[in-house]
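Notes follow the structure.
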Amino acid sequence: MKKIIFIGISLIIIFIVIILFKQQNIKDSSQFLSAEDVDKGLLKNTKAVIYLSTTADQDFDNKGLSYSVFVKKDHSTQALTMNGLELGSIAVGKNRLLLEDKNTIRIVDGDIKQFNMDTPQYTGERTGYLPSQDLFFSIYNSGFKESGYNSDVRYGNAEKINVDSIPYYILISGVTEKGINILTQDFETKTFNLREVTFDKELKINDITTLQELTIDSTQALAPILTDEHYYYLILSTIISESKESVSIYRINKKTLEQEKFKLIEYNDVDLTATIPYNYKNSATISQNKLFYANGLGEIYSFDLKTHAVSKAFKLKKASQSKIRHNEETYFKDGNLYVLRYSEDKNGYYYLETYSLDKGKLIDSFDINGLDEIINHSSSKKVYSYDLKVLQ
Amino acid sequence: MKKTILALSLTTAMLFSQASITNAESYVDDILKLQPDISEEELLQDVQMIASNTGQSEQVILEQIYTELKEDEAKGIAEKSAYSKEKYGVSPRGGSGGTVSIGSSTKGNFYYTPSETAYLDHGHVGMYYTSTTIVESVPSDGVRTISTSARKVDSSGSVVKSVSTSTTNRNNAADWAYTQVGQSYSYNFATNRLTGHDGAKNCSKLIWSAYKVNGNLDLDVDGGLGVYPRDVRDASDTVLVRNI
């Protein structure tokens, strides 16, 4: 009798273990994509893409990892697992995406075209898409080589990816229809130079001008370089002390190269770390003759391009005033500000808000399902958000 | 009787000698378990070099290395446990990364953050080359620069500290650290006080050497053969600027 009970209990336990194992596998297989799973339906059904990665130091065992997380229209998530790239990002082209990791470029169209790179990169700077040439690019903070400082560049399309280098340390950059604007920082000459990078058969660097009035020891870039028809705009700050900072807009005339400075924000007796944007590479845009800047306190400032008037346009709802972050991201597109938010009151913790820049208010919000599980999926590595792109 | 005494003495000596070899081998194994990215050959070469320079036996040096590593490990475990009790406590299993920008500070200051990069929670340190640019040595990438807005860490246990010395020393130390950008990463914490200032180096060695070469400061709370990130953080010549 005892034997029968023992065998029965054992069978039940084995049965439960098998069921749990299968359920886990089903959950994993549906949430994590392989390259073969990527088809035309994926991009059609994707609302936004989030890039998560381990930091460079976690690649010590060659097992650093990153995820391109596809947030679907039904608010579910699926992740494509890749190698790691700290500060990596995603570029959006015409119905295509560029995904990257330390040694791979992937162009996602109907399927994935994968290019393996010879030289690994560990720190990203910016990715983008130049519609005039139908060309993707990614720039990296590669560091010193024998010839001096290098920011390596990978560029191309689904047919070929080329590799070249920009011989400068890049403080901040921005993308236009035709090229990339970069602000380079030279610690030896103590200068900041605005330059343009174009791809006419090969990579070309055109010097634009040297920025005046900037001190090498205390200048901080807070937003991507923006442009309109007549000007370049840079949002830079001067650190005055541990709790005092002055944020300004530097405007440079494209023809005359005249430089003007407009005060944007003065922080006094503030925890300056809390004011740093959620993602300083995606923290500003130009829309309807106004420049908008989103700081780390959830305040969106506007600068009227004609009258030069500065105002606090609106605030994110329930924005934290703390420096503590939870993978928040911002992204401007088509007159809207999209914000990846976190709340412990939400079931899935993460949600995506849409604010109208014109109306200055929240117009949409939905909870993202499964992002927290992806962020915490690895038991040995930790990933952090580095980019948000909204596709539709 | 004499023969018996001689035989006993030889047996005892052999036993002690055998025990000593076994101890040394055991220390080597234990050290390599704590620092698996350095090879046995590298470790023994370093130990031989130190023994030759100091006149100490290799056995004593191995014991000291092991003791320092175990002490650092114990400190890491205790601090990790303390962080996990904090509201925003996050396990440092994810290397030196996080979600909080380290923010700006004065040239020559440094930051410390819990980090489990080289298998152990050694912690991580990086130096302010300018008030908005960090120079640091990280596994994989080596010595690099990164903006203080881009460099994010876990806030629990992370601090910014200054070094009590002249502005000239602080500036020179930061400038020296910048000259090391491009050097590869070294996983050898155990004997990094005795390796050369130039060449491959880990995060704590970078800052320790910067101030050793510029100002002759010894930013190591307990001396010994290895300088670990927490040794730099806790060095007597350092002052807390702020918690990150």
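I'm checking my understanding of the structure. Among residues of segment B:224-243 that are over 8 Å from the mean Cα position of the chain (by Cα) and part of a loop (DSSP other than H, G, I, E, B), which one is nearest to B:GLY123 (Cα to Cα)? By that ranking, first place goes to B:ASP234. Filtering segment B:140-186 to residues that are more than 30 Å from A:HIS326 (Cα to Cα) and basic (Lys, Arg) leaves only B:ARG170. Taken as a whole, the structure places B:TYR178 among residues that are at the interface with chain A (Cβ under 9 Å from one of its Cβ atoms) and either touching a residue at least 24 places away in the same chain (Cβ under 8 Å) or not in a strand (DSSP E or B) (or both).
Assessment of segment B:100-117 against the conditions (at positive phi and surrounded by fewer than 24 Cβ atoms within 10 Å (Cβ to Cβ)) yields no matching residue.
Regarding B:SER162, is this residue of a type outside the set (Phe, Trp, Tyr), in the same structural domain as B:VAL125 (by TED's automatic domain parsing) and touching a residue at least 60 places away in the same chain (Cβ under 8 Å)?
Yes; evaluated as a whole, the condition is true for this residue.
Annotation: of all residues in segment B:130-149 being facing chain A (nearest Cβ under 7 Å) and more than 17 Å from B:LYS107 (Cα to Cα), the one that is modelled with the highest pLDDT is B:VAL138.
Among the strands (runs of 3 or more DSSP E) lying completely within segment A:96-167, list those that include at least 2 residues that are touching a residue at least 12 places away in the same chain (Cβ under 8 Å), touching a Pro at 6+ places or on another chain (Cβ under 7 Å) and within 11 Å of chain B (Cβ to nearest Cβ).
A:148-156
Considering every residue within segment A:172-180, establish whether at least one is at pLDDT below 95 and either in a strand (DSSP E or B) or hydrophobic (A, V, I, L, M, F, W, C) (or both). So far as segment A:172-180 goes, no, none of its residues is at pLDDT below 95 and either in a strand (DSSP E or B) or hydrophobic (A, V, I, L, M, F, W, C) (or both). For segment B:151-205, a tally of residues being among the aliphatic types (A, V, I, L, M), closer than 19 Å to A:PHE60 by Cβ and surrounded by fewer than 19 Cβ atoms within 10 Å (Cβ to Cβ) returns 1.
Out of segment B:141-175, which residues are closer than 22 Å to B:VAL239 by Cα, part of a strand (DSSP E or B) and of a type in the set (S, T, N, Q)?
Listed by number, the list holds a single entry, B:SER162.
Only one of the numbered conditions (1) out of contact with any Gly (no Cβ under 8 Å at 6 or more places or on another chain); (2) within 29 Å of B:GLY142 (Cα to Cα); (3) modelled with pLDDT of 95 or more is violated by A:ASP74, and that is (2).
Look at (1) surrounded by fewer than 24 Cβ atoms within 10 Å (Cβ to Cβ); (2) over 30 Å from A:ASP186 (Cα atoms) and you find that A:ILE90 fails only one, number (2). Considering segment A:35-79, the residues that are in a loop (DSSP other than H, G, I, E, B) and among the hydroxyl-bearing types (Ser, Thr, Tyr) include one that is farthest from the chain's Cα centre (by Cα), namely A:SER76. For the subset of segment A:310-355 comprising residues that are surrounded by 15 or more Cβ atoms within 10 Å (Cβ to Cβ) and polar (S, T, N, Q), which member is nearest to the other protein chains (Cβ to nearest Cβ)? The residue in question is A:ASN327. Checking each residue in segment B:102-129 for being under 18 Å from A:ASN141 (Cα atoms) and facing another protein chain (nearest Cβ under 10 Å) picks out B:TYR128, B:TYR129.
The residues of segment A:53-81 that are more than 9 Å from every other protein chain (Cβ to nearest Cβ), aliphatic (A, V, I, L, M) and buried (at least 24 other Cβ atoms within 10 Å of the Cβ), listed by number, are A:VAL69, A:VAL71.
Quick check on my filter: what residues within segment A:193-233 are under 30 Å from B:SER162 (Cβ atoms) and within 14 Å of chain B (Cβ to nearest Cβ)?
A:LEU214, A:THR215, A:ILE216, A:ASP217, A:SER218, A:THR219, A:GLN220, A:ALA221, A:LEU222, A:ALA223
Just so you know, in segment A:363-392 the residues that are away from chain B (no Cβ under 14 Å) and among the acidic types (Asp, Glu) include one that is surrounded by the fewest Cβ atoms within 10 Å (Cβ to Cβ), and it is A:ASP364.
Residue-level check: of (1) over 17 Å from the mean Cα position of the chain (by Cα); (2) in a loop (DSSP other than H, G, I, E, B), B:GLU116 misses just (1). Scanning segment A:125-150 for residues that are touching a Lys or Arg at 6+ places or on another chain (Cβ under 6 Å) and farther than 17 Å from A:GLU100 by Cβ yields A:SER132, A:GLY143. Taking the criterion of being of a type in the set (Phe, Trp, Tyr) and under 18 Å from A:SER248 (Cα atoms), the residues of segment A:268-325 that qualify are A:TYR280, A:PHE292, A:TYR293, A:TYR301, A:PHE303.
The values are calculated or read from the model by the stated rules, or taken from the named source; none is laboratory data. From a predicted model like this one, the values you see are computed outputs, not experimental measurements. Virtual Cβ from ideal backbone geometry, glycine too; neighbours counted across all protein chains shown.
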